[in-house]
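**Q** Have a look at this one before I ask anything.
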Amino acid sequence: MPSKFFKNRRVYLLTTVAYMGSLLFGYDTGVMGSVLALKAFKKDFNLPTDSSGFASAKNAYVSSNVVSLLTAGCFFGAIAAAFLNERFGRRYSLMFFSVIFLIGAAVQTAAHHEIGVIYAGRVIAGLGIGGMSSITPVFVSENCPPAVRGRIAGLFQEFLVIGSTFAYWLDYGVSLHIPVSTKQWRVPVAIQIIPGGFMLLGLFFLKESPRWLMKQGRHAEAASSLAHIRCSPQDDPEVIQELAEIRAAIEEELNATEGVTWRECLLPGNRYRFLTAFGLMFWQQFSGTNSIGYYAPQIFQTVGVSKSSSSLFATGVYGTVKVIATAIFLLIGIDRFGRKKSLMGGALWMASMMFIIGAVLVTHPPDPSSGTVSSASIAMVAMIYLYVIGYSASWGPVPWVYLGEIFPTRLRAYGVGMGAATQWLFNFVITKITPEAVNHIGWRTFLMFGIFCLAMFVFATLFIKETKGKTLEEMDVLFGAVSAEQRAEDIESSLAVEKKNTVLNAEDAATTTTTTTTKV
């Protein structure tokens with residue numbers, strides 16, 4: 001195990017830098033959900049301070065705006081990223097969007113009494129986060145070896161929940177140790193600039209994706225990049241074999257059509273992938289997880305944890321459970337159980353928890369005037385924790401892994417961009433309606449999400465294909481874009497070309513060395 005980790009050390013380094021974008025997504029959502037519950041924020045922006053949860057219509061309205069405007073920006077950022085990613089490459093596009101995010105974070109930090117400035121900062125930061133969410137799964141998946149791709153690519157979700165959990169505990173800490181003042185909410189909002197700066201700096205030391213370079217016809221750079229990320233020489237047989245597979249897949253795509261066209265996207269093998277990706281990201285949002293993730297303090301107040309500090313503490317525990325459950329699943333689950341079974345089991349588990357929460361809430365509603373937390377409220381909090389364990393072992397990390405691995409190289413940026421944009425569009429819908437839903441229909445909100453989770457089980461059962469252990473190039477065979485026989489022939493042809501190029505490069509290097517020695 002240590003030797004494998006050392007062999008993939010540059011993949012893990014690239015993943016750590018690239019997934020700072022995911023950490024920022026988690027932090028920016030987590031921090032504002034909790035900041036909205038702070039009395040200091042409410043006082044600075046003239047919001048009612050004498051109500052909890054979503055009992056105040058004005059608080060519910062502002063909360064939905066602050067949270068949903070980030071996702072609106074993310075939607076447009078994800079769409080723009082699909083085109084920039086394909087034109088300028090993964091690394092330079094990530095640099096651009098990290099700068100956009102830093103501008104948005106600075107605007108939010110500088111806001112003073114004008115909620116409109118917070119809104120503007122959220123949209124700008126959202127453009128950056130949406131762009132990064134569209135690019136990082138592509139960048140990481142294209143550099144991962146197949147045996148551990150699920151584990152490494154799934155770190156997108158782990159970084160996301162680490163970011164949100166850090167934000168939860170930070171907000172809990174400032175609520176206890178910083179007096180009610182502007183500083184109380186401004187400090188946690190400003191801290192997001194640090195990982196943003198780390199990401200921008202780290203990108204200068206990474207290499208471009210070998211698959212993108214190969215698609216651009218920059219074969220020598222692709223070989224150098226792949227050998228670097230695999231910690232192997234360019235004449236290593238495994239590197240040569242992988243380059244041959246990449247070249248064969250790209251040439252097959254070029255032979256199918258000229259340029260990326262709508263006709264190419266609608267070919268049977270590709271059409272199925274686009275529709276599956278849309279459905280996967282659509283259902284991820286309707287699982288109800290982001291309703292809890294964005295508004296965790298208010299949700300906990302709704303089920304009876306009424307004190308602000310207590311709800312923030314419960315939120316911190318929620319995030320910690322999420323981090324631990326996601327880590328365990330990525331280490332021992334995703335590459336063992338695969339994608340399909342994880343999605344099916346997780347959907348049933350989450351549906352059960354949502355139905356139980358709704359049933360307890362309607363039969364044992366919390367008493368707002370009570371100074372203690374009832375046993376029914378404790379039970380509902382436990383069900384929320386159990387719910388998120390199921391989510392963290394299924395619909396949290398798996399959709400991002402699946403999205404990054406199923407598309408062919410020429411369409412990967414567009415496919416992942418479409419999936420990310422779908423996620424952000426319905427993320428916006430869910431975050432916009434959650435405060436109003438809890439405010440108006442109460443326990444039925446949890447019943448609604450339970451029914452959605454059952455629909456997710458049906459979707460995963462009927463439409464998800466198992467991708468565990470397959471190379472990115474084998475996805476074309478799995479989804480019927482090319483036959484296994486045709487692919488084998490094309491790899492043999494490309495392998496001969498790669499071996500010839502390796503021999504020629506070695507001879508050129510030897511000739512250069514001889515010439516230099518003679519001159520000396």
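**Q** List the residue pairs whose Cβ atoms are under 6 Å apart, where the first residue sits in the stretch 429-443 and is in contact (Cβ under 8 Å) with a residue 40 or more places away in the chain, the second is part of a helix (DSSP H, G or I) and loosely packed, with under 15 Cβ neighbours inside 10 Å, and the two are 6 or more positions apart or on different chains.
**A** Filtered contacts from the stretch 429-443: Trp443/Val362.
**Q** Would you please list the contacts, defined by Cβ atoms under 6 Å and residues six or more apart or on different chains, that run from a residue in the stretch 34-45 that is within 13 Å of Ile178 (Cα to Cα) to a residue that is open to solvent by 10 Å² or more (accessible area, probe 1.4 Å) and not in a helix (DSSP H, G or I)?
**A** Final answer for the pair search is Lys39/Thr49; Lys39/Val180; Ala40/Val180; Ala40/Ser181.
**Q** What number of residues within the stretch 175-186 satisfy the criterion of being surrounded by fewer than 16 Cβ atoms within 10 Å (Cβ to Cβ) and of a type outside the set (D, E, K, R)?
**A** So the answer is 5.
**Q** Right, something else. Of all helices (runs of 4 or more DSSP H) completely enclosed by the stretch 92-180, which ones contain at least 3 residues that are over 29 Å from Ile246 (Cα atoms)?
**A** Those helices (runs of 4 or more DSSP H) span 115-141, 155-177.
**Q** Further question: If you scan the stretch 307-337, which residues turn out to be among the charged types (D, E, K, R) and either closer than 24 Å to Pro146 by Cα or modelled with pLDDT of 80 or more (or both)?
**A** The answer is Lys322, Asp335, Arg336.
**Q** Here are some residues: Arg186, Arg151. Which one is assigned by the TED database to the domain that holds Thr15, of a type in the set (Lys, Arg), in contact (Cβ under 8 Å) with a residue 24 or more places away in the chain and closer than 24 Å to Ala325 by Cα?
**A** The unique qualifying residue is Arg151.
**Q** Going by the structure shown, is Leu201 without any contact (Cβ under 8 Å) to a residue 60 or more places away in the chain and part of a helix (DSSP H, G or I)?
**A** Against the criterion (without any contact (Cβ under 8 Å) to a residue 60 or more places away in the chain and part of a helix (DSSP H, G or I)), Leu201 qualifies.
**Q** Would you point out which residue out of Ile118, Ile124, Ile103 is under 15 Å from Ala72 (Cβ atoms) and modelled with pLDDT of 90 or more?
**A** Ile124
**Q** Which of the following residues is part of a loop (DSSP other than H, G, I, E, B) and either farther than 30 Å from Cys265 by Cβ or not polar (S, T, N, Q) (or both): Pro188, Pro233, Pro195?
**A** Going through Pro188, Pro233, Pro195 in turn, just one is part of a loop (DSSP other than H, G, I, E, B) and either farther than 30 Å from Cys265 by Cβ or not polar (S, T, N, Q) (or both): Pro233.
**Q** Looking at Val140, is it of a type in the set (A, V, I, L, M), crowded, with 23+ Cβ neighbours inside 10 Å and out of contact with any Cys (no Cβ under 7 Å at 6 or more places or on another chain)?
**A** It is true that Val140 is of a type in the set (A, V, I, L, M), crowded, with 23+ Cβ neighbours inside 10 Å and out of contact with any Cys (no Cβ under 7 Å at 6 or more places or on another chain).
**Q** Any residue in the stretch 8-17 that is closer than 20 Å to Thr182 by Cα, aromatic (Phe, Trp, Tyr) and at pLDDT 80 or above?
**A** No, the stretch 8-17 contains no residue that is closer than 20 Å to Thr182 by Cα, aromatic (Phe, Trp, Tyr) and at pLDDT 80 or above.
**Q** Also: Arg271: over 18 Å from Leu454 (Cα atoms), modelled with pLDDT under 70 and basic (Lys, Arg), yes or no?
**A** no
**Q** Could you list all residues from the stretch 479-496 that are open to solvent by 50 Å² or more (accessible area, probe 1.4 Å) and over 18 Å from Phe274 (Cβ atoms)?
**A** Once the filter is applied, which keeps residues that are open to solvent by 50 Å² or more (accessible area, probe 1.4 Å) and over 18 Å from Phe274 (Cβ atoms), the stretch 479-496 yields Ser483, Ala484, Glu485, Gln486, Ala488, Glu489, Glu492, Ser493, Ala496.
**Q** Those residues that are modelled with pLDDT of 75 or more and assigned to a loop (DSSP other than H, G, I, E, B), I need them from the stretch 18-72; list them, please.
**A** Tyr19, Leu36, Leu38, Phe45
**Q** Let me ask something else. Just checking, how many residues over the stretch 324-336 are in a helix (DSSP H, G or I) and either in contact with a strand residue (DSSP E or B) (Cβ under 9 Å, 6 or more places away or on another chain) or surrounded by 19 or more Cβ atoms within 10 Å (Cβ to Cβ) (or both)?
**A** So the count comes out to 6.
**Q** In the stretch 213-241, how many residues are open to solvent by 50 Å² or more (accessible area, probe 1.4 Å) and farther than 16 Å from Arg87 by Cα?
**A** Residues that pass the stated criteria total 10.
**Q** Is it the case that some residue within the stretch 434-446 is outside the structural domain of Gly30 (by the TED database), within 23 Å of the chain's Cα centre (by Cα) and closer than 21 Å to Ala359 by Cα?
**A** yes
**Q** Next question, about the same structure. Does Gly126 satisfy being in contact (Cβ under 8 Å) with a residue 24 or more places away in the chain, within 30 Å of Thr467 (Cα to Cα) and open to solvent by less than 10 Å² (accessible area, probe 1.4 Å)?
**A** Answer is no for this residue.
Residue-by-condition table, conditions (1) at pLDDT 85 or above; (2) farther than 20 Å from Phe25 by Cα:
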{"position": "Arg339", "(1), (2)": "yes, yes"}
{"position": "Ser342", "(1), (2)": "yes, yes"}
{"position": "Ile356", "(1), (2)": "yes, yes"}
{"position": "Val388", "(1), (2)": "yes, no"}
{"position": "Trp395", "(1), (2)": "yes, no"}
{"position": "Phe407", "(1), (2)": "yes, yes"}
{"position": "Ala413", "(1), (2)": "no, no"}
{"position": "Gly417", "(1), (2)": "yes, no"}
{"position": "Asn427", "(1), (2)": "no, no"}
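**Q** On to the next question. Within the stretch 203-212, does at least one residue satisfy the condition of being open to solvent by less than 20 Å² (accessible area, probe 1.4 Å) and under 23 Å from Gly319 (Cβ atoms)?
**A** No, the stretch 203-212 contains no residue that is open to solvent by less than 20 Å² (accessible area, probe 1.4 Å) and under 23 Å from Gly319 (Cβ atoms).
The values are calculated or read from the model by the stated rules, or taken from the named source; none is laboratory data. Everything numeric here is computed off the predicted structure, so don't read it as measured data. Quick reminder, even Gly has a Cβ in these numbers, built from the backbone with ideal geometry, and neighbours come from all protein chains shown. SASA here: full protein model, heavy atoms, side chains in, ligands and nucleic acids out. Shrake-Rupley method; radii C 1.70, N 1.55, O 1.52, S 1.80 Å.
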